[in-house]
Amino acid sequence: MWIYAAAGFGVGLLVGLTGVGGGSLMTPVLVLLFGIHPVTAVGTDLLYAAITKTAGTAVHGFNRTVDWRVTFRLLLGSVPATVATLLALSFFAPGSRSAALISTILGFALVLTAIALMLRKQVLAYAANRRGRALDPRRTLILTIATGAVLGILVSISSVGAGALGITALIFLYPELQVARVVGSDIAHAVPLTLIAGGGHWLMGSVDFGLLGSLVIGSLPGIVIGSALSARVPDTYLRPILAAVLVIVGGRLVW
């Protein structure tokens with residue numbers, strides 16, 4: 001349907017301009033603007049993310065900006081957490097209860113994403129100051145797996161968290177990594193994570209494939225155009241505006 005393709009284009013454009021994950025934008029649009037059931041919105045958006053992030057992973061892999069060690073550590077936490085969360089959703093939160101739960105967690109996740117956006121410069125400055133300092137390898141390993149588990153839970157329930165929140169956590173944990181490798185590792189982790197979570201929602205019957213196709217058709221040119229324009233649009237203005245929108249939308253979903 002053309003209106004969903006137009007929404008996909010708009011979200012893709014913003015993703016290309018800001019680098020913010022589509023889950024932070026697409027799921028709220030589907031729920032609040034089009035009245036899609038929250039469970040269906042999340043399930044559809046997860047498979048949408050798996051498709052779009054696969055292309056991103058291919059580019060980062062070609063450019064050698066993926067640290068597969070970090071990606072694997074995240075998956076050690078996220079895959080079991082995702083499976084456990086999907087089982088819990090299917091058994092303990094059916095019908096209207098799952099809709100209320102997902103809307104609430106989605107709202108909080110959007111607010112956290114907005115905070116991560118606003119603190120991006122401070123986090124990067126922190127990483128620059130810590131660069132070259134030795135970190136405890138065992139502690140880093142445990143915290144990375146724990147981060148993956150938290151992301152697995154958040155993404156499975158709300159489709160939000162794999163982007164801004166994941167990157168922020170990795171910058172703290174791996175200050176020695178270049179930002180491009182942090183981003184590439186996070187995107188590579190998001191592909192199997194969203195694919196598994198989306199597959200689980202598909203088995204639960206909460207994926208609309210017609211809607212998915214329209215979103216993908218619209219978003220791909222939007223991402224290309226947004227990426228091309230990103231260098232010309234001041235990030236100083238975009239991030240605060242986007243963060244404010246996420247806070248407002250998140251607050252509406254919670255309250």
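The values are calculated or read from the model by the stated rules, or taken from the named source; none is laboratory data. Since the model is a prediction, treat every value here as computed from it, not as a measurement. In this analysis, Cβ positions are derived from the backbone assuming ideal geometry, glycine residues included, and neighbour counts consider all displayed protein chains.
What the table shows:
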quantity	calculated
Only one of LEU170, LEU143 that is assigned to a helix (DSSP H, G or I), surrounded by fewer than 20 Cβ atoms within 10 Å (Cβ to Cβ) and of a type in the set (A, V, I, L, M, F, W, C)	LEU143
Tabulated pairs, segment 88-107, first modelled with pLDDT under 65, second in a helix (DSSP H, G or I), C-beta under 7 angstrom, 6+ apart or interchain	ALA93/LEU101; SER98/VAL39; SER98/LEU89
All positions within segment 173-203 that are surrounded by 24 or more Cβ atoms within 10 Å (Cβ to Cβ) and of a type in the set (Asp, Glu)	ASP186
